[in-house]
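To start, the structure under review is shown below, and the notes come after it.
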Amino acid sequence: NKMAAGLLSFLIDGNVTILVAGTRSSGKSSLLGAILVEIMRRYRIITIEDTLELPNHSLRDLGYNLECLKVGSALSINKGSEVDASTGIRSTLRLGDSAIFVGEVRSKEAIALYEAMRVGAAANVVAGTIHAASPYGVYDRDVNDIGVPKTSFKATDIIVVANPIRSADGKHRLKRVLRISEIRKMWEEDPMREGGFVDLMVYNPKTDQLEPTKDLMNGNSDILKRIAGNIR
């Protein structure tokens with residue numbers, strides 16, 4: 001809906017770090033591609049993918065300053081001349097002021113992605129997709145499965161969860177964004193128990209819409225306050 005689109009546009013304009021989470025065929029890559037459109041054309045964008053799914057050619061045709069880096073798959077035994085995703089992400093950091101978009105975070109490249117998030121990629125957007133069904137699922141996969149340090153995980157500002165739902169008649173699977181959540185920084189051990197996840201918008205199946213939470217309506221968002229604090 002318009003409010004969710006406006007919120008995401010404002011967040012991207014505020015140079016947040018963002019992960020789009022979801023299960024298979026949930027629309028993660030499509031949503032990441034839509035987020036790409038929100039980057040101003042004067043900024044350089046670098047996409048890093050092992051399987052090319054983002055609309056790189058279309059965006060270049062529209063005048064976006066976009067460079068695509070094809071990396072080897074973590075599942076591939078013989079990568080040939082392709083570098084691995086971790087090397088690709090670290091290489092982009094040496095290219096200077098760029099927004100970085102990683103097509104799919106599957107393995108140890110998550111650690112390199114969080115390095116990019118922590119340095120802020122020269123105060124630009126750093127974004128990627130990851131296979132998880134909830135904000136805590138992202139934390140569990142990154143920290144417990146892949147080995148990202150908890151302090152590094154705090155570099156995530158926003159998690160957008162996209163998952164398929166069943167239509168009212170049960171005959172179709174519909175792709176929907178189910179929540180937009182921010183990650184607070186003032187927790188030590190477990191973000192779920194310590195209030196580290198704050199929903200800004202949540203999907204309402206009755207209205208088939210993303211709806212703002214009380215935290216968003218009451219201005220209880222550290223990320224939005226941070227962005228607003230940087231505006232003259």
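Of all residues in the range 61-100, exactly one satisfies the criterion of being at pLDDT 75 or above, among the polar types (S, T, N, Q) and open to solvent by less than 10 Å² (accessible area, probe 1.4 Å), namely 98. Checking each residue in the range 190-199 for being of a type outside the set (Phe, Trp, Tyr) and either under 23 Å from residue 12 (Cα atoms) or outside any loop (DSSP other than H, G, I, E, B) (or both) picks out 196, 198, 199.
Residues satisfying the criterion are present in the range 202-215 (criterion: part of a loop (DSSP other than H, G, I, E, B), open to solvent by 40 Å² or more (accessible area, probe 1.4 Å) and either of a type in the set (Ser, Thr, Tyr) or under 22 Å from residue 150 (Cβ atoms) (or both)). When the strands (runs of 3 or more DSSP E) confined to the range 101-189 are screened for residues that are open to solvent by 10 Å² or more (accessible area, probe 1.4 Å), those reaching at least 3 such residues are found at 158-166, 173-183. For the range 1-47, the set of residues classified as open to solvent by less than 20 Å² (accessible area, probe 1.4 Å), of a type in the set (S, T, N, Q) and over 24 Å from residue 231 (Cα atoms) consists of 26, 47, listed by residue number. Do we have any residue at all in the range 138-159 that's among the charged types (D, E, K, R) and either touching a strand residue (DSSP E or B) at 6+ places or on another chain (Cβ under 6 Å) or at positive phi (or both)? Yes; the residues of the range 138-159 include at least one that is among the charged types (D, E, K, R) and either touching a strand residue (DSSP E or B) at 6+ places or on another chain (Cβ under 6 Å) or at positive phi (or both). Contact map, the range 121-136: residues that are over 24 Å from residue 9 (Cβ atoms) and at pLDDT 90 or above paired with residues that are assigned to a loop (DSSP other than H, G, I, E, B) and open to solvent by less than 40 Å² (accessible area, probe 1.4 Å), Cβ distance under 8 Å, separation 6+ or inter-chain. Pairs shown: 136/191.
The values are calculated or read from the model by the stated rules, or taken from the named source; none is laboratory data. In this text, all values refer to a predicted model and were calculated from it rather than measured experimentally. Note that each Cβ is placed from the backbone with ideal geometry, even for glycine, and that neighbours are counted across all protein chains shown. Please note that ligands, DNA and RNA were not included when accessible areas were found on the heavy atoms of the full protein model with its side chains. Shrake-Rupley method; radii C 1.70, N 1.55, O 1.52, S 1.80 Å.
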